[in-house]
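Below is one structure, written out as structure tokens; comments come after it.
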Amino acid sequence: MQLRLKGADDDAVRHAVDVLRPVVQSRGVAFLLNDRPDLAARTGCDGAHVGQTDTDARQARRLLGPERTLGVTCHASRDLAMRAGEDGADYVAFGAFFPSATKDASARADPDVLSWWSELMELPCVAIGGITAENCGPLVRAGADFLAVVGAVWGSGEGPGEAVRRLNAAIHAA
């Protein structure tokens, strides 16, 4: 589970982490903080996820230490993904695969990058950007280890529980 609070001040982020982290971790799920490896390390998060314009991956690894998880967004770039792995990432994220209301994505990725990565690398990959139950199949078949589904879950008119059930069914069917 990744907490993403763009634009929130440190106190608001700390408060959200204090409330949500114990709930998530008590269910055996890793709790990652978006963009802020420094705050992730200080607040007991299991790791952090950084984008290309956030903290450099090497510095993020230093801030997190070796025991916490580091994820790095690599857009559609094989080179950025390989560099992220060399810099200590525990997973790489590719996308956006589809238009997204969660983030303005300048880069579009093709599922082929997931196939290429999963065939050559052991490091897990995450597919991000506009992923729903209706469009996730090709990404799962291409080799995505994880899917980022913020909008599909929290923006669903049918409620988050039903959205997760539909996503799980679509993943299983793929």
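Where a number appears in this text, it was derived from the coordinates with a stated rule and is not lab data. Note that the structure is a prediction, hence the values are computed from the model and not measured. No Cβ is skipped: glycine too gets one built from the backbone with ideal geometry, and neighbour counts run over all protein chains shown.
State which residue is surrounded by the fewest Cβ atoms within 10 Å (Cβ to Cβ) when the search covers only the range 134-163 and only residues that are touching a residue at least 12 places away in the same chain (Cβ under 8 Å) and over 19 Å from ASP112 (Cβ atoms). For the range 134-163, the residue satisfying everything is GLU134. Look at the range 119-157 and say how many of its residues are in contact with a helix residue (DSSP H, G or I) (Cβ under 8 Å, 6 or more places away or on another chain), at negative phi and in a loop (DSSP other than H, G, I, E, B). Residues that pass the stated criteria total 11. For the range 62-75, a residue qualifies if it is touching a helix residue (DSSP H, G or I) at 6+ places or on another chain (Cβ under 8 Å) and either surrounded by 21 or more Cβ atoms within 10 Å (Cβ to Cβ) or under 16 Å from TYR91 (Cα atoms) (or both), and the qualifying residues are LEU64, GLY65, ARG68, LEU70, VAL72, CYS74. Selection of the range 82-95 for residues being closer than 16 Å to ALA127 by Cα and either touching a helix residue (DSSP H, G or I) at 6+ places or on another chain (Cβ under 7 Å) or surrounded by 24 or more Cβ atoms within 10 Å (Cβ to Cβ) (or both) yields ALA84, ALA89, VAL92, ALA93, PHE94, GLY95. Residues that are closer than 21 Å to GLY88 by Cα and without any contact (Cβ under 8 Å) to a residue 12 or more places away in the chain within the range 1-47 comprise just one, ARG42.
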